[in-house]
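Please read the structure below before turning to the comments.
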Amino acid sequence: MDRNIRDIQTTIKGIICRELQIAPQVITDQSSLRQIPGIESLKFLRVILRVEEYYEIELEETVVFGVDTLNDIAVAVASCLEAENLQARQLSPVCDQKNLRLTQDQQATVSFIQPKTAGVGGGRCA
């Protein structure tokens, strides 16, 4: 997945051009998004949605409504990706420990639902 700002800008620019059906030359990294021909609030939100889908992230509303340029969106996306990466690295050992250990209640529940065999010919749940 694209991680550096230049790659993110290029990807977002492509999304904007597809959504608005405009030529890439119309947009620069510092272009005000609200000044792009054909943009309106719903199309702007659709662009943000496509960016979020592409990067599998969700930008905060305050960020979405605070961005003004292509570069602003790229920086917000990069920050979000970095935050998710950092969080995943920090939570990974915790998640692994939680998945490997069962409490006594959980162990009792697992034992209860495991089928016990009753002689030849099958089992039944106790």
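What follows draws every value from the coordinates through simple rules; no lab data is involved. Model, not experiment: these values are computed from the prediction.
Structural remarks
- With 0.36 nm allotted per residue and the present C-alpha distance subtracted, the residue 58-residue 18 stretch has 12.3 nm of extension available.
- Amide H contacts under 5 Å for residue 69: 33, restricted to partners 5 or more places along the chain or on a different chain, H placed in the peptide plane at 1.01 Å from N.
- Potential extension, residue 6-residue 65 segment - 0.36 nm per residue separation minus Cα distance: 19.1 nm
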